[in-house]
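Down below is the structure, laid out as structure tokens.
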Amino acid sequence: MLSLVTWNVRGIMSSSVCLSELFKYTNCDIAVLSEHKLFNHSLQFLNTLDNNYHSLGIADTSVNIETSKCGKGGVAIMYKKTLKFNIKPINCPVSERILGIEIQCNENYSIFVFSVYLPADSNIQNYKYEMNIVEDYVSNFSKFGPVIVAGDFNTSCRVTDLDRTNVNKSIVFSDFMLRNNIIPVNASTLRDASSFTYIPTRTLLDYFLVSEELATDVISCENIPEGTLSLTSDHLPVFLKLSIPYVCNSTNSCNNVWPSWRKASESSLGAYNELTNKIADQLLDLPLCNLSDLDTLACKLTDKLKDCANETIPSGSFNPKPKPYWSDKVKQAHTAERFARWKWINQADPEGRTFLLTSNTNLRKTNSGIVNVLPIMPTWTILTVKSTKQLNVYTPTENAKFDSDFKAHVTEFVDRTLESCATNNGLLPGGEITLYEIETVVRNLKLRKAPGYDKLQNEHVRYSGSKLHTVILRIFNAVIRFGRIPLCWKHGLLIPLFKGYRTELDLVFNLGDKSVNISTETKHLGILRTVDLSPSTDIQHSCRKGRNAYFAIAGTGSCLLNPLTVCGLYNKIVIPAVLYGCELWNGIKPKDIRCLETFQHFIVKHIQGFPKRTRSDMCESMTNLERLPILVEKRKLMFLYKLCEMKAQSLTKQIFIYRLFQYFGDTSRKQHGFIPDVTNILSKYSLLNFLNSYMFTGCFPTKLQWKNIVNGAINQHEKHRKEERMRSDNDFTRFLRLSENNGYDFIWQYAKYTGRLRTAKHVAKLWSTPPTSGNCNLCGHFVQDTLYHQITMCTELQTQRHLLYKRLSEMTSDNFLYTLLSKSDEYVSCFLLGNHEALLDFLTPEHCLDVLNEGFSYLTYCRL
């Protein structure tokens with residue numbers, strides 16, 4: 001089971017007592033904390049808050065300790081040191097409002113927990129920005145395991161809270177949950193309007209969001225009622241319990257603390273002996289009438305022995321890296337040698353050199369005496385030693401009956417034992433086990449041996465009290481009487497050892513007298529195909545291959561090249577690698593299309609140096625790149641031409657014709673594959689008449705004709721779709737106005753002509769920034785459009801603006817400057833951003849470039 005708690009703390013320092021009470025009350029494994037203003041020194045305080053917990057956190061770097069009353073927030077995660085899983089931190093460098101950890105339950109299963117604290121102000125754009133960052137992390141890590149998002153979302157998704165919360169935020173929050181298939185556990189179980197986490201408005205602002213696959217494992221989720229704990233915050237904690245059906249490997253445990261019997265003194269061993277005698281009296285009183293009693297007694301004996309050792313015996317951590325011959329004697333000689341060297345170097349003692357040589361000789365003698373006994377070389381090294389060294393490596397003589405003698409001996413012993421049990425009322429030969437036999441075996445137990453799955457060592461029994469031997473005797477005789485060993489003694493840890501890939505297939509069936517192997521995958525023209533013919537795996541593999549190919553190009557100094565040049569390399573090198581074999585991607589799903597588009601969106605933003613949140617349509621338009629799903633459709637249509645033009649005698653052509661007529665003739669049978677896909681594509685672009693004509697006449701356009709037909713139809717459809725999509729979105733208003741007379745790639749064409757790449761990149765970011773209202777980053781005033789304000793009105797740029805107008809007047813004329821300044825601020829801003837269409841009558845061709853250079857130089861002072 002895994003227990004988590006989330007709480008919006010109001011002051012880590014002032015809430016230290018409340019946090020301690022919360023940890024004691026819930027005994028949670030993981031605590032997800034949000035803070036109104038989390039300072040760096042508070043992060044250090046978190047580590048000292050509770051010795052049983054580790055802490056991770058991100059401080060609010062923008063808050064001023066002296067003047068600020070409330071910061072924008074920070075997040076932290078605390079987890080138990082004894083948690084039986086590996087914990088890896090997940091940092092978010094782009095935001096101070098999200099932090100995560102990976103809980104490695106085993107090698108193949110991880111749970112990702114994120115702590116978030118979304119903005120509390122009413123700026124919906126700021127809220128969307130932070131929510132998009134959270135969504136990026138959730139969507140990326142959900143591919144590798146279930147995700148838990150916890151914290152203060154500063155809005156409510158419940159209908160009963162809409163009149164007391166920000167409705168716009170609630171819509172964004174609800175859409176985020178629907179898109180990512182995550183469930184608000186406490187909102188779905190606490191439907192009562194009286195259940196809340198934010199006390200002033202009595203609304204639900206703090207949530208546990210879990211993936212759908214993990215929702216069925218939720219045991220309970222409840223907010224801790226008001227008044228249960230002494231809380232300093234106006235938020236209530238939420239407590240979640242999960243049942244995890246995965247058992248962690250012991251190698252994953254971060255707590256490898258064991259009783260150190262070597263360090264135990266006589267007094268600690270005596271205390272252990274007395275304590276085990278006390279618990280023996282309790283164990284002897286337990287009933288032992290059936291198999292259930294036997295299992296209970298054996299489990300309690302194991303647990304009690306470990307508890308007694310933990311209370312009385314000093315603890316020590318297991319070090320998996322020491323050399324096998326590094327004993328206490330070698331360690332003492334090594335310490336003496338290090339001390340002698342330190343004394344010789346630091347004290348410049350001439351006599352110390354003699355002492356150093358003596359210590360070094362002693363260390364070598366001690367080492368050599370042990371090394372000669374142990375086989376230090378690995379087995380595979382010994383077996384490959386040349387024949388000059390005579391090694392006596394035992395090799396058994398293997399044949400069909402090499403162990404028949406041993407098998408006969410064991411069979412005879414078992415038969416003899418069964419006969420003796422039948423004649424002695426079910427007892428083993430020799431009667432019941434006696435206390436003397438138990439004590440003899442206990443005295444002869446070897447020390448310092450590795451324990452089993454229950455972590456019980458021989459020392460636990462060897463140093464126990466005499467009364468405990470009676471308990472062991474009682475269990476052993478009960479095992480003989482019931483004929484079954486306790487279940488807890490049957491547990492073991494299996495560690496599979498990899499022995500290489502198998503070359504033979506497991507699935508075989510007989511066809512006549514021949515054996516035929518069944519394979520679940522095969523390679524077709526270098527493309528790995530599986531039996532389900534699903535394109536998802538192929539598309540993901542192609543995107544990874546394309547990303548590697550792009551970064552191989554990017555590592556050659558592409559940041560110094562014009563983005564149009566890099567896009568040319570991308571089209572010639574990366575695109576063919578990604579789309580190789582895309583004609584076989586049949587039945588592409590929306591998630592596969594998103595995978596392709598996400599890959600290209602990342603590449604095109606990286607090429608132009610744009611931020612991650614830049615609109616992707618703008619990025620692709622400015623480089624004249626086609627969407628990858630469109631390229632896939634074009635390739636499928638060109639592949640259709642190749643099939644239609646193949647010779648009629650070829651088997652491929654015959655299969656194609658048969659499947660084609662079967663698809664149109666037998667509509668009752670659902671068909672999958674290339675023909676349904678290409679038919680849908682032809683219908684989408686109104687090209688199905690060409691296929692119908694081919695079926696009746698056998699005539700198909702030539703390659704060049706078909707290529708022009710396909711490109712014309714698809715390009716026109718895609719252009720209309722893109723313009724319609726852009727014109728319906730207010731974020732594209734400025735971008736469309738700037739590019740309507742110049743073309744989408746105007747900025748990069750300008751950089752290609754003038755060589756001013758750095759200036760062009762800055763102006764391109766201004767082009768791709770949507771119109772936003774807010775405080776100006778230069779003067780601090782609130783404005784409706786920050787870019788237009790900085791270009792025409794900002795007081796911080798007044799000097800640069802006057803110099804610009806003076807240079808424009810010198811280049812052109814006063815009449816031109818007067819005409820320009822008589823226009824609106826929006827018009828002047830678009831002119832300086834490159835839209836000169838309306839004033840071309842006032843400019844000569846040689847002046848156009850000069851005016852453009854001056855305007856772009858002035859724009860480098862703008863900061864959004």
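The values are calculated or read from the model by the stated rules, or taken from the named source; none is laboratory data. Everything numeric in this text was worked out from a predicted model, so none of it was measured. Cβ: placed from backbone, ideal geometry, glycine included. Neighbour counts: every protein chain shown. SASA here: full protein model, heavy atoms, side chains in, ligands and nucleic acids out. Shrake-Rupley method; radii C 1.70, N 1.55, O 1.52, S 1.80 Å.
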Problem set entry | Spacing of the two label points (7 Å from each Cα toward its C-beta) at residue 274 and residue 226, in nm | 5.3
Problem set entry | Long pairs among 589/653; 128/589; 88/128; 605/765; 612/765, criterion Cα-Cα beyond 22 Å | 589/653; 128/589; 88/128
Exercise. Mind ordering 335-341, 786-792 by average Cβ neighbours within 10 Å, highest first?
Worked result: 786-792, 335-341
For this session: Specify, per residue and in Å³, the volume enclosed by the convex hull of the alpha carbon atoms belonging to the range 713-759.
Result: 97
Problem set entry | Kirkwood Rh (inverse of mean 1/r, distinct Cα pairs), the range 107-202, angstrom | 14.3
Exercise. Just the Cα atoms of the range 651-786, one point each, no solvent: what log10 I(q)/I(0) does Debye give at q = 0.20 Å⁻¹?
Worked result: -1.23
For this session: Please calculate how many Å² of accessible area the range 127-176 carries per residue, with a 1.4 Å probe and no DNA, RNA or ligand atoms counted.
Result: 39
Problem set entry | Filter on 407/490; 24/81; 545/722; 80/263; 81/263 - keep pairs with C-alpha separation over 18 Å | 407/490; 545/722; 80/263; 81/263
Seminar exercise, completed: Ranked output for segments 636-648, 405-417 by mean other Cβ atoms within 10 Å, highest leading, reads 636-648, 405-417
For this session: Just grab the label-to-label distance for residue 90 and residue 108, each label 7 Å out from Cα along the Cβ direction, in nm (one decimal).
Result: 2.1
Exercise. If you project the alpha carbons of the range 532-638 onto the principal axes, what extent comes out on each, in Å, largest first?
Worked result: 44, 26, 24
Exercise. Hey, rough spin-label estimate for residue 455 and residue 303, points 7 angstrom out along Cα→Cβ, what's it come to in nanometres?
Worked result: 1.4
Exercise. For the range 597-655, what is Rg from Cα atoms divided by 2.2 N^0.38 Å, rounded to two decimals?
Worked result: 1.74
Problem set entry | Protein accessible area in the range 613-739, 1.4 Å probe - carbon and sulfur % | 53
Problem set entry | Segment residue 779-residue 825, length gained on full extension (0.36 nm per residue, minus Cα span) | 14.8 nm
Seminar exercise, completed: On the formula 1/(1 + (r/R0)^6), with r taken between the Cβ atoms of residue 864 and residue 545 and R0 of 30 Å, the FRET efficiency rounded to 0.05 is 0.25
For this session: Quickly rank 140-146, 717-723 as a protection proxy: mean count of other C-beta atoms within 10 Å, highest first.
Result: 140-146, 717-723
Problem set entry | Extension reserve of the residue 285-residue 670 stretch, reckoned as 0.36 nm per residue once the Cα distance is removed | 131.4 nm
